[in-house]
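Student: Got a structure for you, questions after.
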Amino acid sequence: MKKQNYTYREILTQVESWRKVYFDVVGEKVRLNLNIFSDNYDEIIFFGCGSSYNLSQSASFFTRSLLNGQSCFALPSSELLINTDIYINKDKKYLMIGFSRSGETTESINVIKLLKDRQNVTSFIFSCKEESTISKFSDYHFMCRGIAEKSIVMTVSFSSMLIAYCLMLVKLLDKKEMLEEFKYLIDYLNENISRLYTDIENYLNNNSFGSYFVLGSGFNYGLAVEADLKMKEMSQVPSYSYHLHEFNHGPKSLITKESLCLILTGSKNLFKNEEIIKEILNLGSKVLLVGRKDISIIDSKDINYLLSDSNFKFDIIKSFINIPIFQIMAYIRTIRENLDPDRPKNLDYTMII
C-alpha cells in the first residue's frame, strides 16, 4: 500500500526538494532581495496557520539565535486578525514573515490585506505555488519551486519552506560554515533516509503504543508541535507536545506503559537532560532519542536511538533530521490503522473560510 500513495513518496523524497531549495537560495538560481532583512525592525513577526504556524515558531527561534538582540515571535494568522492593534503598534517598524503552502489560506491572506497599507509594515511570504493570491498582496514573495504536495497533510512543503527561510538568513549573514553544514545535512539524509524508514518500521513492529509524546526545546519545540499534529492529522492517535522540561509540570500524569516519548535532537548541554529521561522511564514509558548516544548517559533497554551516527557541528542544523523522523512515524502508524494518509479525516488541502 505504501507505494500507492503520495504521502510516502513526498516524505521519502523531500531531501531532493531541500537540495533544489539550497541551490535556488545559495547558488543564486533564483533572484533574491535580501536587503529587506537589513532594515532596523523593532519586531519581526512570523505567522501562518496549522503546520505553517508550527514552522513559524521554529523560524522565529532560528532568527533570534542568529540575530542577537532582535525581537521576534510567532503567531497564528487568526491571532493577528483578532488582536491586530495589540501586536502592531503604529510607532514601531515591523517585518511580517508568513508561510502558506498554497498561498490561498483565507486567514493568512487577510493578515496581509489588513496590513498592506501600513507604512510601518513590510511583508515577506513563503509559499509553494506560483501566482498565489497571497503573493499579490505581499511586498516580497519566495516560492519553493515544484514542492506543492498532492497529499493533504504538509510534509515536504513544511520542511522546504523552513529550510528556505533559514538558508536565506544564513546567507545574508555570510555564515559560510553553516551553509556548508546545511549541504552536509542534505547529503547525510539523502544517504540515510531509506535506512531511517526501515529502522523506524522495525522499531514500531516490535513495540505497540497507545499514546505518543514529543518533547523539544528551542528550535525543536516548533518541530515537536508539528510532530504531534502529524500524528493527530494522519492516524488519529492521541498525541501531545511539550517543551522538554515542562513535561514534568503536569503532563507526565498522562504517561502509561503504552506510551512512547520521542525526544528531539538537542544540545549535549541540555539542562538536567538525564533527569527528565529517568523520570519518563520510571513512569513506564519507552523513550526514543534522535541523535548520537552520547547525548544521554543512561543505559536502559527502554531507550532506543535513531541516526546515532549523525555528527553535526551546529545543533540547530542537526535538528532538521527530526522532520522526516516524525513524519515517517506518523505515516507508518496511519498505514497500520488502515487509514488513507493522502486523505485524512475531516481535512482539506487548503482551509478557505
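Each reported figure results from applying straightforward, stated rules to the coordinates on display, with no laboratory input. None of these values were measured; they are calculated from a predicted model. Backbone-built Cβ (ideal geometry, glycine too); neighbour counts: all protein chains shown.
Student: Suppose R0 equals 51 Å. What FRET efficiency, 1/(1 + (r/R0)^6) with r the Cβ-Cβ distance, do D174 and N202 give to the nearest 0.05?
Tutor: The formula returns an efficiency of 0.75 here.
Student: Give K176/K318; K183/K318; K90/K116; K252/K286; K113/K345; K286/K345 a once-over and call out the pairs whose C-alpha atoms are over 20 Å from each other.
Tutor: Correct reply: K113/K345; K286/K345.
Student: For a bin width of 20 Å, list the pair-distance distribution of the chain built from all Cα-Cα distances, rounded to whole %.
Tutor: P(r) over the chain, rounded to whole percents: 31, 59, 10.
Student: 7 Å from Cα along Cα→Cβ at both Y87 and K301: what's the point-to-point distance in nm?
Tutor: Result: 5.0 nm between the two label points.
Student: Sort S157, S259 so that the residue with the fewest other Cβ atoms within 10 Å of its own Cβ comes first and the one with the most comes last.
Tutor: S259, S157
Student: If you take the alpha carbon radius of gyration of the stretch 196-276 and divide it by 2.2 N^0.38 Å, what ratio comes out, to two decimals?
Tutor: Cα Rg divided by the expected 2.2 N^0.38 Å: 1.10.
Student: Sequence-distant or interchain residues sharing an amide H contact under 5 Å with S138, placed H: which?
Tutor: Sorted by chain and number, the residues that satisfy this come to none at all.
Student: Going by C-beta contacts inside 10 Å, put L288, L264 in order with the fewest on the left.
Tutor: Least crowded to most crowded, the residues run L288, L264.
Student: Also: Suppose we look only past 23 Å in the calculated P(r) of the stretch 2-174. What percent of the Cα-Cα pairs does that tail hold?
Tutor: Roughly 36 percent, rounded to a whole number.
Student: What FRET efficiency comes out for the pair D117/S253, r = Cβ-Cβ distance, R0 = 45 Å, nearest 0.05?
Tutor: 0.35
Student: Could you give the size of the charge dipole of the stretch 178-336 about its Cα centre, using +1 on the Cβ of each K and R and -1 on the Cβ of each D and E, expressed in debye and rounded to the nearest 20?
Tutor: 260
Student: Given +1 on the Cβ of Lys and Arg, -1 on the Cβ of Asp and Glu, and no further charges, what dipole in debye does the stretch 2-174 carry about its Cα centre, rounded to the nearest 20?
Tutor: Using only the charged Cβ atoms, the result is roughly 540 debye.
Student: What's the exposure ranking of T133, T256, going from fewest to most Cβ atoms within 10 Å?
Tutor: In increasing order of surrounding Cβ atoms, one gets T256, T133.
Student: Residue farthest toward the positive end of the dipole of the chain, with Cβ of Lys/Arg at +1 and Asp/Glu at -1: which of Y94, V26, S319?
Tutor: Value computed over the given set: V26.
Student: Report the residue, chosen from M178, M161, M96, that carries the largest GNM mean-square fluctuation when the chain is represented by alpha-carbon nodes joined by springs under 10 Å.
Tutor: The residue with the greatest mean-square fluctuation here is M178.
Student: Out of residues 5 or more away from K286 or on other chains, whose amide H comes under 5 Å of its own, with H placed 1.01 Å from N in the peptide plane?
Tutor: S259, C261
Student: Then there's this: Once Lys and Arg get +1 and Asp and Glu get -1 on their Cβ, which of Q57, F73, S17 lies farthest toward the positive end of the dipole of the chain?
Tutor: With unit charges placed on the Cβ atoms, the residue in question is S17.
Student: What is the set of long-range amide H partners of F46 at a cut-off below 5 Å, with H atoms built 1.01 Å from backbone N?
Tutor: Counting only residues 5 or more places away or on other chains, the set is F73, A74, L75, I97.
Student: Calculate for the chain the 222 nm mean residue ellipticity that helices alone would give, adding -39,500 (n - 2.57) per DSSP H run of length 4 or more and normalising by residue count, nearest 500 deg cm²/dmol.
Tutor: Calculated from helices alone, the mean residue ellipticity at 222 nm is -13500 deg cm²/dmol.
Student: Then there's this: Under 17 Å Cα-Cα from K257, which aspartates and glutamates qualify once same-chain neighbours fewer than 8 residues away are excluded?
Tutor: Filter leaves E279, D302.
Student: For the stretch 83-158, what percent of Cα pairs sit more than 14 Å apart?
Tutor: Value for the stretch 83-158 (Cα pairs over 14 Å): 59 percent.
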